[in-house]
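I have placed the structure first, in the form of structure tokens, so that the comments after it can refer back to it.
The numbers here are math on the coordinates, done by the rules we state, and not lab data. Small disclaimer: the values here were computed from a predicted structure and weren't measured. Quick reminder, even Gly has a Cβ in these numbers, built from the backbone with ideal geometry, and neighbours come from all protein chains shown.
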There are 2 protein chains.
Amino acid sequence: MSWTIKRPDLKTLPEIQARIASLIKPPGALGQLEELAAQMALVQQSPSLSITRPTLLLFAGDHGIAEEGVSLVGPEVSTLMVRAFLNGQAAVNCFARSVDMRMEVIDSGLLAPVHPRPEGLIERRAGAGTANLAHEAAMSAQQVDDCLGWGSERAQHHVRQGANLLAVGEMGIGNTSAASALMAALLQLPPKDCVGRGSGISEERLALKQALLEKAMLRAGSEDPLDLLAEFGGFEIVQMTGAILGAAEAGVLVVIDGFIATVAAIFAERLHPEARYYMVFAHQSAEQGHALLLQHMEARPLLTLDMRLGEGSGAVLALPLLRAAAAFYNDMASFSDLGIEL
Amino acid sequence: MSWTIKRPDLKTLPEIQARIASLIKPPGALGQLEELAAQMALVQQSPSLSITRPTLLLFAGDHGIAEEGVSLVGPEVSTLMVRAFLNGQAAVNCFARSVDMRMEVIDSGLLAPVHPRPEGLIERRAGAGTANLAHEAAMSAQQVDDCLGWGSERAQHHVRQGANLLAVGEMGIGNTSAASALMAALLQLPPKDCVGRGSGISEERLALKQALLEKAMLRAGSEDPLDLLAEFGGFEIVQMTGAILGAAEAGVLVVIDGFIATVAAIFAERLHPEARYYMVFAHQSAEQGHALLLQHMEARPLLTLDMRLGEGSGAVLALPLLRAAAAFYNDMASFSDLGIEL
């Protein structure tokens, strides 16, 4: 897979900043929303910012490492949650309805296909769960390539349908283990700094999770992001990386959910540094590694609500802030509109 | 003025918490939104949470201390901003439109009435700006009483119109000085810990502001909140305190904007501790004293966006989070809905 990602025209930034400075407020008084509006304007290169058909791509996959008992619940919950997403019953559905955001659910490789296949479920199954990263490579190079391509394809499909803002989120029992391994290997950090309690595991399971990841790190020889993605997986994480790259190639903003989505984002950035211009970081989760990861990316998230759910829930909650940023950029009066000279 | 504020029925809290715990998510995974939903449920005492006709009350007033040059701009800007609010041109208007929130603008006592009086402006003028708190009491006891009553009346008017969620915000050149003085006097803190750069003043003006407040503190003999409100003012701050108490008496939630609104809130709490149950803290502003004030109130705001605008802008931005909290509380499936036993 390869992408052609354009760096936004940075020469327009001074003009964008001058416009924000001209509005009737003290300089900088809108804080982070000013930076957000500037980023949106840089990406959209339009005098009027817009958000059309905002869509969450929610990727679900299973992980071989779940068989080690590193999670609060077993992989049967993945299937139940996918059904709940499609029936509109989960937290992310409630949030998406409340902010008027679309969502699509993708089976990136659950242990078994959801049967009967629910209406609306997109199947891009790279396998029946990944291999157990505690003992062997979670994915093959081919699976990584497929997942990058499929994630990208879903993003670009929605852009063709008229979406100019996407978000990525995930669900997968065991996926904080995979994400922690990816983070530790890519940033060459001790796994203990990257591992947290996921959905809320005990001290004992946390110790097991750490020990398994310490052992797995011995296999993290390569610095190639694609090799690391294959080594630790998983299908939904790599599809998120693909979706982020696809969104960036299509020139639209992509909102990154919590810890696991941010791991997908740092891999997208390593593969294509220009993709960074298109990323908006929705929230800092309560998962231990997330603050550190955001720090490494020099990313400042919009929300900090101590959430640790995944599902894209934080990304959905950030949408009103993007709308607010567009609204002030588009519609606020300037000092000269009011006849004030500064 | 007196209010009859009911403490919500705390005996229902275990039931509310059990409901939240029954939903299909790991325990606590929605972080602060779980606390918010519990607070909403406690106040609304209904199995289905609702937000109807959410309305921002935006109080504007002038301050005698502005003549000392403690602000970035002069009081003529108050009038211009009030016009901008009524013409829909300010940041808060853009935000309110983007989240579908109503707003009302109240002249609590600008230097001069806005002429010609714009349609929609509510006049509850307690005077032509407060007296200069650097030298004398900013308000009389009668003005304090009037402002509390008028603020309360505006809140209760909107509740009668069908609003079950209000927010308070302010605009007034010089009002961070008044708010800092109130905070320092009430909490018996050194003014330097309570003073910040407001709209972005220079080092020099900041030193002047601090010196004036140090001197004014010598007059802060009383511990009576009503005496302190009179001593330091201002009209819009006291009207916010009244609006908060009026909302609490009417049994509806009231969203508190930034630093100055939080000062109004702590006075409301001192006057009627039960009012606290109805308060939602929208955001932590970049204004220096705000973090400390929230800490003293043991209040955790929903947003931290480095904003320092006032106008109720932060309160408006928090509304989608309240809607999201209501949405998950009302509509998420429970584990037993999915046939899962825990």
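Relative contact order for the range A:178-236: 45 percent, from Cα pairs under 8 Å spaced at least 6 residues apart, divided by residue count. With neighbours defined as other Cβ atoms within 10 Å of a residue's Cβ, the residues A:Ile244, B:Ile122, A:Ile5 order from fewest to most as B:Ile122, A:Ile5, A:Ile244.
For the segment A:326-334, counting C-beta atoms of other chains within 10 Å of every residue's C-beta and taking the mean gives 6. When its C-alpha radius of gyration is set against 2.2 N^0.38 Å (N residues), the range B:55-326 gives a value of 0.89. Remark: mean inter-chain Cβ contacts per residue of B:311-322 equal 3, using a 10 Å Cβ-Cβ cutoff to other protein chain atoms.
Measuring nothing but how far apart in sequence close Cα pairs (under 8 Å, 6+ apart) lie, relative to its length, the range A:55-326 scores a relative contact order of 25 percent. Distant-in-sequence amide contacts of A:Gly31, defined by a placed amide H-H separation under 5 Å and a gap of 5 or more residues or a different chain, comprise B:Arg308. Volume of the convex hull of the range B:1-71 (Cα atoms only), normalised per residue: 189 Å³. Between B:Ala128 and A:Leu187, the modelled label-to-label distance comes to 6.1 nm, taking each label 7 Å out from Cα in the direction of the beta carbon.
Couplings for the range B:316-332, taken from phi via the Karplus curve 6.51 cos²θ - 1.76 cosθ + 1.60 with θ = phi - 60°, read 5, 5, 7, 3, x, 6, 5, 5, 5, 5, 4, 5, 5, 4, 6, 10, 5 Hz in order; Gly and Pro are left as x. Among the GluC sites (Glu not before Pro) within the range B:143-226, those in coil by DSSP and having at most 15 neighbouring Cβ atoms inside 10 Å are B:Glu223. Distances between copies at A:Phe335, taken between label points 7 Å from Cα along the C-beta direction, are 5.9 nm in increasing order. Beta bridges assigned by DSSP with both partners in the protein assembly as shown are antiparallel in approximately 5 percent of cases.
Applying 0.36 nm per residue to the separation of B:Leu292 and B:Leu72 and subtracting their alpha-carbon distance, the gain on full extension is 76.9 nm.
The order of A:Leu208, A:Leu49, B:Leu305, A:Leu245, going from fewest to most other C-beta atoms within 10 Å of their C-beta, is A:Leu208, A:Leu49, B:Leu305, A:Leu245. Once the Cα atoms are used to define both axes, helix B:76-86 deviates from the longest principal axis of chain B by about 30 degrees.
Viscosity 1.567 mPa s, temperature 4 °C: give me the Stokes-Einstein translational D for the protein assembly as shown in µm²/s, with Rh taken as the Kirkwood radius over C-alpha pairs. Answer, rounded: 50 µm²/s. Highest mean packing first, where packing is the average number of other Cβ atoms within 10 Å per residue, the peptides A:50-63, A:280-293, A:228-241 line up as A:228-241, A:50-63, A:280-293. For A:Leu165, the residues whose modelled amide H falls within less than 5 Å of its own, excluding neighbours fewer than 5 places apart on the same chain, are A:Thr52, A:Thr55. Of all residues in chain B, the one whose Cβ lies closest to the rotation axis carrying B onto A, together with that distance in whole Å, is B:Pro320, 2. As a calculated quantity, the FRET efficiency between A:Arg219 and A:Thr12 at R0 = 56 Å, using C-beta atoms, amounts to about 0.80. Beta bridges per DSSP, both residues in chain B: antiparallel share near 5 percent. The long axis of helix B:141-160 is offset from the longest Cα principal axis of chain B by roughly 30 degrees. Peptide A:123-130 has a mean of 0 when you count, residue by residue, the C-beta atoms of other protein chains within 10 Å of its C-beta. Starting from the label point of B:Gly120 at 7 Å along Cα→Cβ, the same points in the other copies fall at 3.7 nm, in ascending order. The mean of 1/r over all pairs of different alpha-carbon atoms in the range A:194-342, once inverted, gives a Kirkwood hydrodynamic radius of 17.2 Å.
Cross-link partners for A:Lys192 among the lysines, with Cα-Cα distance under 24 Å and sequence neighbours closer than 8 places in the same chain left out: A:Lys209, A:Lys215. Between identical copies, the spacing of B:Glu153 label points, each set 7 Å from Cα toward the C-beta atom, reads 6.8 nm from nearest to farthest. Principal-axis analysis of the Cα atoms of chain B puts helix B:235-250 at an angle of about 20° to the longest axis. Amide H contacts of A:Leu133: A:Gly64, A:Ile65, each under 5 Å away and 5 or more positions distant or on a separate chain (H built 1.01 Å from N in the peptide plane; Pro and chain starts excluded).
In percent, rounded to a whole number, the relative contact order of the range B:27-124 is 31, using alpha-carbon pairs under 8 Å and six or more apart.
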